[in-house]
Amino acid sequence: MGLSLKGLSKSYSNIQKNQSLEVLHSLDLDVETGSFVSLIGPSGCGKSTICNLLAGIEIPDSGEILLDGEAIQGTSGNFGYMPQKDLLLPWRTLIDNVLIGCEILHREKRKAQVEAKEWLNQFGLSPFSEYYPHQLSGGMRQRGALLRTILFGKKTLLLDEPFGALDALTRQEMQRWLLSIWNRTRHTVLLITHDIDEAILLSDKVIVLSQRPTRIIHEFEIPFPHPRDPDELLLSSVALDFKRQLLHLLIP
Amino acid sequence: MVITSAQVPLWLLPTPTHILKAFWETRQLIWMHTLTTLMETTMGFALAVIFSLITSGVMVLSPWLKRLLYPFLIISQTVPLIAVAPLLILWLGYGLLPKIIIVVIVCYFPVTISLIEGLELSDPDLLNLLRSMGASRWQMFYIVRWPHALPSLFAGLKIAATYSVMGAVIAEWLGSSAGLGVYLTRSSHSFLTDRVFAAIFTITALSFLYYALITILTRLALPWMHNKKRDSLE
Ligand SMILES: Nc1ncnc2c1ncn2[C@@H]1O[C@H](COP(=O)(O)OP(=O)(O)O)[C@@H](O)[C@H]1O
Ligand SMILES: [Mg+2]
């Protein structure tokens, strides 16, 4: 059970140059239900492409995407999808932004609002629920974007470099915070990142990808039990050893 | 003062007092003509906006129809108004209808162009996010495209509002029985230059009024653009 990609291939054709770019070539990948898996790989290797295929924004040339045994390739609305940009709508207040998913799914508005308010409270965003995105800091907007993703109500989340645009300190803060949220919700998560510490801190499994066409170079099981203590974990010799190996694979 | 002391004849350049006097003496006449112009501009403006909404909506939702209709949009702007207006007056008479049509032609272009530009997002990521949630075309339209288009729509409305008065006055000037354009030509033909100035001021005031109205509407419709309560943050 869970999410599995079987023989997934995707090329982009460039009409002007009349050539095609093979991004994914028969990729296999498994994410167990309730686990936190990170994909890490060089820029431009096709990580976002994998996300877009899962999210139903792109259609694979061949291969299957199975979610709990059901083929879902080419369909959308199966995952909570969070891209790197927060993409909060500037004309909506924070609370109306996080409720977009409920609106699209025609869920009952009153109930959704009550639920959203509880979550805003947990995310430390209650005082800002009536603020517009431009009035919020980068970290707050990113938390808002994650809340929008969670409130879409799917048990699997696709996070495509969610903290990539934040400054280093805010990013660390957000990683710790995501860890604490995940401890409570235990979503199945596929996280795309280029931050080695982030991958080790959050994941049960780290998958290292190659240059295009993307293959899996290596998989690391990260054996630390949950809940994790970020400071202790990242400075432990086991974590440092993972870090060394990952660096070696990514910067040969 | 400069005018009186420089001995310029009054029919060439009247003094401000003369203009005010002309304004006061013909106030009822001006008011009557203003009402006609107001009627033409408001009707024409409203019709142009309605047409714009329909056609831009259709063009954005269907690229095929856009390819079909876009040339007509350009043509509506390249046809010389000064040549079309007399024809319309010839066919439709001295009444309101030809003026309203001219105002529609003048306003339609800026509103439609800015609306289409706003509806076609430059950033596809927003639409992709909604697509990932399984949103329908219609949902993408009213959740993302429409609100995204509002600032640019209002910018177009501001341009159209000022054009509309000008369009109406020119149309009246080419043949009409009432309206500020008529007052203007009659006054100028009789060398009543003080009245010409009174007309110019009225026309300017009318354009300004429209502009102010649209500005107020913009503030009401786009609260997020004016809400700057950042102080408590960061
Ligand atoms: N819609 C597209 N059309 C053509 N080429 C694309 C498209 N999307 C991505 N690519 C190309 O595919 C490759 C992988 O992109 P992406 O998945 O975004 O990489 P990343 O691993 O950095 O997220 C890049 O070389 C990119 O230029
Ligand atoms: Mg990417």
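Hey, does the stretch B:86-109 have a residue that's of a type in the set (Ser, Thr, Tyr), modelled with pLDDT of 90 or more and either under 22 Å from B:PHE51 (Cβ atoms) or assigned to a helix (DSSP H, G or I) (or both)? Yes, the stretch B:86-109 has at least one match. Residue count for the stretch A:1-27, restricted to those that are more than 13 Å from ligand 1 (Cβ to nearest atom), part of a strand (DSSP E or B) and either open to solvent by 90 Å² or more (accessible area, probe 1.4 Å) or in contact with a helix residue (DSSP H, G or I) (Cβ under 7 Å, 6 or more places away or on another chain) (or both): 1.
A residue that is over 27 Å from A:TRP119 (Cα atoms) and away from ligand 1 (no atom under 16 Å from the Cβ) occurs somewhere in the stretch A:57-64.
Here A:HIS194 meets each of (1) open to solvent by 40 Å² or more (accessible area, probe 1.4 Å); (2) within 16 Å of ligand 1 (Cβ to nearest atom); (3) in contact with a strand residue (DSSP E or B) (Cβ under 6 Å, 6 or more places away or on another chain) with one exception, condition (3). For the stretch A:52-71, residues that are outside any strand (DSSP E or B) and under 12 Å from A:LEU8 (Cβ atoms) total 7. Return yes or no: is B:LEU119 out of contact with any strand residue (DSSP E or B) (no Cβ under 9 Å at 6 or more places or on another chain) and closer than 22 Å to A:ILE104 by Cβ? Yes.
Every test in (1) under 19 Å from the mean Cα position of the chain (by Cα); (2) open to solvent by less than 50 Å² (accessible area, probe 1.4 Å); (3) more than 16 Å from ligand 2 (Cβ to nearest atom) is passed by A:ALA239 save one, and that test is (1). Note on the stretch A:1-39: residues that are within 12 Å of ligand 2 (Cβ to nearest atom) and under 19 Å from the mean Cα position of the chain (by Cα) total 1. Would you check if there is a residue in the stretch A:88-95 being of a type outside the set (Val, Ile, Thr), within 14 Å of ligand 1 (Cβ to nearest atom) and within 20 Å of the chain's Cα centre (by Cα)? Looking through the stretch A:88-95, none of the residues is of a type outside the set (Val, Ile, Thr), within 14 Å of ligand 1 (Cβ to nearest atom) and within 20 Å of the chain's Cα centre (by Cα).
Quick grid of which residues meet (1) among the hydroxyl-bearing types (Ser, Thr, Tyr); (2) at pLDDT below 95; (3) open to solvent by less than 30 Å² (accessible area, probe 1.4 Å); (4) within 24 Å of A:GLU232 (Cβ to Cβ):
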residue: A:ALA116; (1), (2), (3), (4): no, yes, yes, no
residue: A:TRP119; (1), (2), (3), (4): no, yes, no, no
residue: A:MET140; (1), (2), (3), (4): no, yes, yes, no
residue: A:ARG143; (1), (2), (3), (4): no, yes, no, no
residue: A:ARG148; (1), (2), (3), (4): no, no, yes, no
residue: A:GLY153; (1), (2), (3), (4): no, yes, no, no
residue: A:PHE163; (1), (2), (3), (4): no, yes, yes, yes
residue: A:LEU179; (1), (2), (3), (4): no, yes, yes, yes
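Here B:VAL196 qualifies as at pLDDT below 90 and in contact with a Leu (Cβ under 7 Å, 6 or more places away or on another chain). You will find that of A:LEU159, A:LEU125, the residue that is within 16 Å of ligand 1 (Cβ to nearest atom) and either without any contact (Cβ under 8 Å) to a residue 40 or more places away in the chain or buried (at least 16 other Cβ atoms within 10 Å of the Cβ) (or both) is A:LEU159 and no other. Of all residues in the stretch A:79-112, those satisfying the criterion of being open to solvent by 40 Å² or more (accessible area, probe 1.4 Å) and out of contact with any Pro (no Cβ under 9 Å at 6 or more places or on another chain) are A:LYS85, A:ASP96, A:GLU103, A:LEU105, A:HIS106, A:ARG107, A:GLU108, A:LYS109, A:ARG110, A:LYS111.
Checked against the criteria, A:LYS85 counts as at pLDDT below 95, among the basic types (Lys, Arg) and within 13 Å of ligand 2 (Cβ to nearest atom).
If only residues of the stretch B:115-136 that are closer than 15 Å to A:ASP86 by Cβ and surrounded by fewer than 16 Cβ atoms within 10 Å (Cβ to Cβ) are counted, the one that is farthest from the other protein chains (Cβ to nearest Cβ) is B:ASP123. Only residues that are more than 9 Å from ligand 1 (Cβ to nearest atom) and within 14 Å of chain B (Cβ to nearest Cβ): list them for the stretch A:28-53, please. Result: A:LEU53, single match.
The values are calculated or read from the model by the stated rules, or taken from the named source; none is laboratory data. Remember, predicted model here, so these are calculated numbers, not experimental data. Neighbour counts are summed over all protein chains in view; Cβ atoms, including those assigned to glycine, are modelled from backbone coordinates with ideal geometry. Heads up: the accessible areas ignore ligands, DNA and RNA and are worked out on the full protein's heavy atoms, side chains in. Shrake-Rupley method; radii C 1.70, N 1.55, O 1.52, S 1.80 Å.
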